[in-house]
Amino acid sequence: MDKAYWWKSLQPLRIPPRWDCLWNKLESREPAELPQEDSAWLYTYVEDMLYMRRTVNGQTAAIDLGWYPDGDPAGAYTLVAILDDNWEDPLLEHTSRSTREIVETMEYWLFECLPKSRTIDEKSFRKRHPNRT
């Protein structure tokens, strides 16, 4: 693909109103289809792939996606939902080697789990979503 059109390899995403995408390097290809010597392992499958957030009444919810270990063909995507920068205790967490599964999970969280226009009551949220998958 022509490097001038690198953005054409990005995965299309459905994002609800009020969410800001601060960076996105998630490509639509499946990692299982890439040979180990592909340069994408060094530049695409890294810890900082996608970061989105929304702020409502001073409360910030964020979704972060990365590949761990960084650049490792044997690694996997890790998707987390974070509340108010509490990286030690994510609200939601999901790990997969499938781009399709990660996108489906992310979109489900955005549209069905995380409220769009109100703050999150963390205690009741954790009761409703105890398994983080």
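Tell me the residue from Ser96, Ser9 that is at pLDDT below 95 and in contact with a strand residue (DSSP E or B) (Cβ under 6 Å, 6 or more places away or on another chain), please. I'd like the intermediate steps shown before the answer.
Numbers: Ser96 fails: at pLDDT below 95.
Result of the check over Ser96, Ser9: Ser9.
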May I ask you to list the residues in the range 1-39 that are in contact (Cβ under 8 Å) with a residue 60 or more places away in the chain and in a helix (DSSP H, G or I)? Pro31, Ala32
Arg14 meets each of (1) at pLDDT 95 or above; (2) buried (at least 16 other Cβ atoms within 10 Å of the Cβ); (3) not hydrophobic (A, V, I, L, M, F, W, C) with one exception, condition (2)
Please verify whether Ser117 is more than 27 Å from Leu34 (Cβ to Cβ) and in contact (Cβ under 8 Å) with a residue 40 or more places away in the chain, treating the condition exactly as stated. yes
Would you tally the residues in the range 99-115 being surrounded by 13 or more Cβ atoms within 10 Å (Cβ to Cβ) and over 15 Å from Pro12 (Cα atoms)? 4
Could you check the range 46-73 and list, in sequence order, the residues that are touching a Lys or Arg at 6+ places or on another chain (Cβ under 9 Å), at pLDDT 95 or above and part of a loop (DSSP other than H, G, I, E, B)? Val46, Asp48, Met49
Whichever residue in the range 40-53 is of a type outside the set (A, V, I, L, M) and under 14 Å from the mean Cα position of the chain (by Cα) and, among such residues, is farthest from Leu26 (Cα to Cα): Arg53
Just name the residue that is nearest to Asp48 (Cα to Cα) out of those in the range 74-131 that are in contact with a Pro (Cβ under 7 Å, 6 or more places away or on another chain) and in a loop (DSSP other than H, G, I, E, B). Gly75
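The values are calculated or read from the model by the stated rules, or taken from the named source; none is laboratory data. Quick caveat: nothing in here was measured; it's all calculated off a predicted structure. Cβ coordinates were reconstructed from backbone atoms using ideal geometry, including for glycine residues, and neighbour counts include every protein chain displayed.
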